[in-house]
2 protein chains.
Amino acid sequence: MAPVPNPRYLFLASPAGWPDLSKDFQYDDSRTIDPDTVELNGGFITKTQFLSVDPYMRGRMNAGTFMAWQPGEPWTGFGICEVLRSETPEFQKGDTIYGHLPFEHYTVHCIESAHANMFRVIKNTENIPLSVYLGVAGLPGKTGYYGLKAIGEPKAGESIYVSTAAGVVGTVVCQIAKEWGLRVLGSTGSDEKVKFLQEDVGIDAFNYKTSCVDEAIKDFGGLDIYWDNVGAEMLDTALINMNHRGRIVICGHIAEYNVPDEKKRGIKHTWEMVYKEIRMQGLYVFSYEEQYADEFYATVPKMVAEGKLKYTEDITVGLEHAGELLMSVLKGQNTGKAILQMYP
Amino acid sequence: MAPVPNPRYLFLASPAGWPDLSKDFQYDDSRTIDPDTVELNGGFITKTQFLSVDPYMRGRMNAGTFMAWQPGEPWTGFGICEVLRSETPEFQKGDTIYGHLPFEHYTVHCIESAHANMFRVIKNTENIPLSVYLGVAGLPGKTGYYGLKAIGEPKAGESIYVSTAAGVVGTVVCQIAKEWGLRVLGSTGSDEKVKFLQEDVGIDAFNYKTSCVDEAIKDFGGLDIYWDNVGAEMLDTALINMNHRGRIVICGHIAEYNVPDEKKRGIKHTWEMVYKEIRMQGLYVFSYEEQYADEFYATVPKMVAEGKLKYTEDITVGLEHAGELLMSVLKGQNTGKAILQMYP
C-alpha cells in the first residue's frame, strides 16, 4: 500500500470564552502514513472508526486543567478503532478497541500508551452498533451508571431530577433510575425533547426554557437525588427543593463553561445544605472504572440489545467537522450522542 | 421544705429585627414550687445549674421555624441540671444531667420528655467544671467532633482549614484535628484572636480582614478538608484550593444570615468539584448523636482534663440576665462560650 493521507484535528489555543473555529482549531491534512510498512516497535497500529465529541472537551481547552489539550497537538477523546497490524499479543489484527485516542485517522500505539489510554477490546457479543460503545454503552453511559450508583446512592421509591435529561448522560441516568424503581423528572430545552422524554424514555419531563423550574420541581415533589449537568441557577433551584439527606451529583456545568468568573451567577443556597444535610459531590467517571466497568459491560450493552436502554445518535461524517460538531454540542443544538464517524 | 420561688424566663413575642428586652421577654418570679412534695407521677424533678446561650436562639424566636419558642412559654436550650427526687430508675437523686431544658429553676419531667429532650447523665469522672459540658464538651464540641469525623473523614498528615477558628466550634475543630495529626490553618477577624490561635491553640492562623485569604491558603498548601462557618466568598476561595477528593463541612454561613438572596455573592466554583471529586456536605449535629455520643464523652472531657482542649467561657450569673446575655451574644460582644449560671 502506498502512503495514504493521515489527517488530524489540531488544538491551537485556549479560548477565553466560546471557542473560535477559525483560530483555536485546525484541520491538518498535510501528513501521510503507510499503514502496511510503518515501524511498530513492538506496538500496533489502529484505524479509527468513530470518535466521541462531548461537552467536557471545553474544559480540556483550559491550560493547566486536568488532561488539558496541548496547543499544536491533536484533540484527544474516546473512540472506537480497529487494529490493522500488531506486534503485541494483547491486541490482535481485527480487534475492535475502545479507548482514548487522538483525533487522527491512523495511530501507532505502544503497549504502555494503550494501557494509559484505557484500551479495552470490545467483543460486542450483543451485536449492537459499534458507535453505541461511545454513547450509552460508552463513557456517557458509564458516567450515568457509575455516578448514579456511587454518588446518587439511589433507593427504589426515591425521586430524582435530571437536568439535560435528553442528553446522552441524562437519558442513561433517567432510564437506569427508572429501571431501579425511582420516580424520575427530567428537564430539557425543547418541546420536542420533552415529548421524547415523556413518550420514549417514559418519565415526567418539562421544558426549562418555557416553564418555571422551581414550580415544575415543586409539582413533582421534593428531590432525593439531583443530577446536575447544568450548574448555576438550575443547581441553586434544585438545592432549595432537596429532601433531607438529598444527594447532588455534580456531573457537568454546561451553563457556566464559557462564563468568566465575574459574570457567574453563583450558587446562593448552600446554607440549605446544613439543616437538610445535603451532600454535593463532583463526579469524575474514571475513578470508578476499576470498581464498576465489568458490571457495566455485562449490564448496559444487554439492556441496549433488549430495548430497555434507548438512545439517539447524531452522527457527523468527516474528521474535518470536529470543531463544528463540538460547537453544536456546547450550544445544545444537537440531539442525541454526538459521534464523529471518520469515513463515509 | 416550704415552697420556694421558681423563676422562669419567658418568651413573649417574635421580634421583627433586634429583640426588645422590655417587650419580647419577661423574667417571671411569681411562681413557687415545693421540690420535696410536688407530685412526680412516675417522673423526676431537677434543679438547673447552667444554661447555654447561643446565637441560634434568635432563629427560634421566629414563629413557624424548627423548634420555635412559644409565646408565653419559657425559653428552652441546652443546660445542666441535678436530679433532686426521682420515681424512675433511669435518673436517680444526685445525678447530673445534660439535656434540653426550659429556662427555669426547677422542672418536673416525665420519662418521655426526658428522652425527647436528649437527657444524658454526666458522670464527670474527669472532674472538669460542669459548665464545660455546655461548651467544648457540649453541643458546640459535638458539632466540631461529629462533623470532623463524619463528614471531614480526617487522616493523619492531611491538611484542614477552619474559618472562624477562634469561635467555640472552631477551636474544638482545630484542636481535635491537631490531636489527630492534621496540619491546621485557622482564620479569624482580629490580630488578638490570631495570637490566641497561634500561641494557645498552636496552629497556623491569619486575620482574614487584613490578609488575602487565597494567598494565605496557598502559602499553607492545598486543603484536604475545609470547615466552613462562613459561606460566600470564603467558601468559594477554599473551594478553588481543595485537593483531589477534598471534603467540605458546611457548618455555618455567618457571612450570609442577614443577606437577601439578590445581594448574595454566590459560590462560583462548584465546577471545581467535578475533576477534583470534591464532596461538600451540610452538618446537622443531632443526626450523629446516637453514632458518636459515647465516643465523644469518652474522649473530649478527658482531653479537657489533660489540657489538650482549651476553651474560654463567659459566665453570667442569674436567670434574670438571660435576655441581656443573648443580646451580647447576638452582637458578638462576648468572648468564649456564653453560659448562664443560675445561682451565685
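Some observations on this one:
- Sites matching trypsin sites (Lys or Arg not before Pro) across the stretch A:1-68 that sit in DSSP coil, with at most 11 neighbouring C-beta atoms within 10 Å: A:23
- Å² of accessible area per residue within the protein assembly as shown, as computed with a 1.4 Å probe and no ligands counted: 41 Å²
- Of the chymotrypsin sites (Phe, Trp or Tyr not before Pro) found in the stretch B:60-92, the ones in coil according to DSSP and having at most 16 other Cβ atoms within 10 Å of their Cβ are B:66.
- Highest-first arrangement of B:120-127, B:149-156, where packing means the average Cβ count within 10 Å: B:149-156, B:120-127
- Between 0 and 90°, nearest 10: helix A:289-305 axis offset from chain A longest Cα axis: 90 degrees
- Distance distribution note for the protein assembly as shown: the fraction of Cα pairs above 42 angstrom is 40%.
- D (Stokes-Einstein, µm²/s), Kirkwood Cα radius, chain A, 1.002 mPa s at 20 °C: 102 µm²/s
- FRET efficiency estimate (nearest 0.05) - Cβ-Cβ, residue A:180 to residue B:22, R0 60 angstrom: 0.50
- For chain A, built as a Gaussian network whose Cα springs stay under 10 Å, the top-fluctuating residue of A:249, A:172, A:213: A:213
- When the Cα convex hull of the stretch A:139-286 is projected onto planes of every orientation, the mean area is 8.4 nm².
- Of the residues B:86, B:113, B:159, the one that moves most in a GNM of chain B with alpha-carbon contacts below 10 Å is B:113.
- Measuring r between the beta carbons of residue A:291 and residue A:92 and using R0 = 22 Å, the FRET efficiency lands at 0.20.
- Solvent-accessible area, 1.4 Å probe, carbon plus sulfur percent, for chain A: 49 percent
- Stretching the chain fully between residue A:66 and residue A:155 yields a gain of 28.8 nm (0.36 nm per residue, less the alpha carbon separation).
- Neighbours of residue A:191 by Cβ distance under 15 Å: Lys/Arg scored +1, Asp/Glu scored -1, total -1.
- The protein assembly as shown - share of DSSP beta bridges that are antiparallel (%, nearest 5): 55 percent
- Sorted shortest first, the separations between the residue B:333 label point and its copies elsewhere in the assembly read 6.4 nm; each point sits 7 Å from Cα along the Cα-to-Cβ line.
- Solvent-accessible area lost on pairing B with A (1.4 Å probe, both sides summed) amounts to about 2800 Å².
- Candidates A:284, A:275, A:98: whichever shows maximal mean-square fluctuation once chain A is modelled as a Gaussian network with Cα springs under 10 Å: A:275
- 11 Å beta-carbon shell around residue B:153, net charge (K/R +1, D/E -1): +3
- Copies compared at residue A:219 - label distances in nm, ascending, label defined 7 Å from Cα in the Cβ direction: 5.5
- Start at zero, step by 10 Å, and the Cα-Cα distances of the stretch B:176-231 spread as 23, 58, 19 percent across the bins.
- Overall form of the stretch B:1-154 per C-alpha gyration tensor (a/c, 1.5; a/b vs b/c): oblate
- Compared with the dominant Cα axis of chain B, that is its longest principal axis, helix B:168-179 is turned about 60°.
- Note on residue B:321/residue A:245: beta-carbon distance plugged into 1/(1 + (r/R0)^6) with R0 of 30 Å gives a FRET efficiency of 0.15.
- Net charge, residue A:116 excluded, C-beta distance under 15 Å - Lys, Arg +1, Asp, Glu -1: -3
The values are calculated or read from the model by the stated rules, or taken from the named source; none is laboratory data. None of the values given here were measured: they were computed from a predicted structure. Because the Cβ atoms are built from the backbone with ideal geometry, glycine has one as well, and the counts that use them run over all protein chains shown. Each accessible area value is taken on the protein alone, full model and side chains, heavy atoms only, with ligands, DNA and RNA left out. Shrake-Rupley method; radii C 1.70, N 1.55, O 1.52, S 1.80 Å.
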